[in-house]
Structures are given as C-alpha cells and as structure tokens.
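Remarks on the structure that follows.
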Amino acid sequence: MCQLCYARTSAWMPRRGFLALAGAAAATPALAQVDVGAPSRMRGLVPADEIEAASTQQYAEMMAEARKQGALAPEGHAQLQRLRAIANRLIPQSTRWNDRAKSWKWEVNLVGSKQVNAFCMPGGKIAFYTGLLDQLQLADDEAAMVMGHEMAHALREHARARIAKTQGTGALLSIGAQLFGLGQLGDVAANVGTQLISLRFSREDEIEADLVGLELGARGGYVPDAAVSLWEKMGKASGGNAGPAFLSTHPTGPDRLQRLRENVPKVRGLYQQATARR
C-alpha cells in the first residue's frame, strides 16, 4: 500500500480544504439501521466527476461491444425487465447513502454470458450477466441483494478510494494538474478507466457493501433473509475451486454469512414498512 501525500506547491495547497470536504460529503445516514461508519476519506483525493466520467465511458464501450456480439439483451427481454423493476425499487433508497446519486444517470443492462457476475460502476452503471441469474437460479429477493451489494460499492465510492490508495502521489499530482488547468483533460479517465471493472475491494469494503446492500434491499421491500440464501448459493457454486468470476472479487465464507445473519433483524422493520406501503 503506497503512502499518499499532497504536493508541496502553492497551487495545490488551496485545494486541500476542498478535497477534505469532498471526502466527508456523504457520511453514514443518521437513520441507517446497519453500522458501517463514515466512508473512507481517501476518496477525497480523487475527484468524483473524473471517476464517474471514466465509468460512463468504459460502460458505454462494454455495452457497445456486447451489442456488437449480439450479447446485449434487447429492451423487451424478460430478465432485463425484471432487473430494471428491482432497480426501480432500490434506486430511490440510494440518496440516503450518497447525495451524489441524485444526479447519477442510472443504467441497468443484461449481458448474455455464462459468467456468474454482476457489477455497478461509479455513477450508477449496472450490469448483470445471464450466468448469475440462470446458474444460481436467483429469486427476485436474491437478485435484489446482489444489486444492492453492487450499488453499495458505488454509493460508498469504494472504487474512488481504492484508486487513490493504489495510484499514489503520481496520480494525485496528475489530478491536481487537471484541476488547475495544467494538464490535458481526460487523462484521469484514460489512466483509470480500465481499472474500474477489475478493482479488488478490501475486506472492509465488502463488509460495507454487504450491510448497505442489505439495508437497500430491505428498504426496497425485498426479504432481508435473501442476503443469506444468496451467499449460501455462492458458496455452493464455488465448489471448493476458483468458482464463479463474482467470487474472485467477492469471496464468500462463514464469517460473511454470520455477519449477515446478525444484521438481518436490524433491517426487518424496514422491510415490513416497505411491504406495508406497497
């Protein structure tokens, strides 16, 4: 893990306060039922706009390639409509965790592939692979927990923080140059865009995503216990081997299941409130 520091130049110094505020912009909601603490301050070292722009560009390229190969589900596809219906119930809950989500242009797409995988890139760019839905035979509640988990990574801006931690001072200085008009616009998107889909999140990131995703699902009216059954299915799918692509960045285990079981009762009231309103 590299050390992060600020550039010791007069141009960079005034930016310190701005970045510190950016890092603290979206604290844990006061009414949150799960306890994940404040988001990482490291994310404040990388401008959110740049990461979201890189995400939008890479996502568009990926979907264009899928369409070219005939793998992108058409608008009327039943599974795609199912996923978008789930997203329509989860997205309204997102601003509790990140105010920036109000301006995100959310997208949900389905890619025909045997991969057991799904992701939500910064800025609300969601994709599921048919292998995840078909091979694990996910019920709507379980699919909602996957989506909530992936949305949580974006809402807690884990990618933004991880890039700050892995890129170090060089990337920080490059971003600083852009902010002050000293470098070519778009450099950050070019440098980090290809990393956004392959980032490996830390254990702490995964814990946050599990719990925030659990609460998102409950607030959307999805059975909280589905988070446990989902990861039980994931564990069985691994077969003791490398397992699905999803598990390479989201490893399962007894600790994860136990933590979810402990937190399900905390959000059950939210689920009951949501279903009573439907």
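No lab work stands behind these numbers, since they all come straight from the coordinates. Quick caveat: nothing in here was measured; it's all calculated off a predicted structure. Here the Cβ is made from the backbone with ideal geometry for all residues, glycine too, and neighbour counts use every protein chain on show.
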Glu204-Asp140 pseudo-label distance in nm [points 7 Å out on the Cα-to-Cβ vector]: 3.8
Amide hydrogen neighbours beyond the local backbone of Asn109, cut-off 5 Å, H modeled: Ile126, Ala127, Phe128
Gained length - Ala276 relative to Asp99, 0.36 nm times residue gap less alpha-carbon distance: 61.1 nm
Cα gyration tensor shape for the range 104-149, rounded if a/c is under 1.5, else prolate or oblate: oblate
Under 19 Å from Lys233, Cα to Cα: aspartates and glutamates that are on another chain or at least 8 residues apart: Asp134, Asp140, Asp141, Glu142, Glu150, Glu206, Asp210, Asp225, Asp255, Glu262
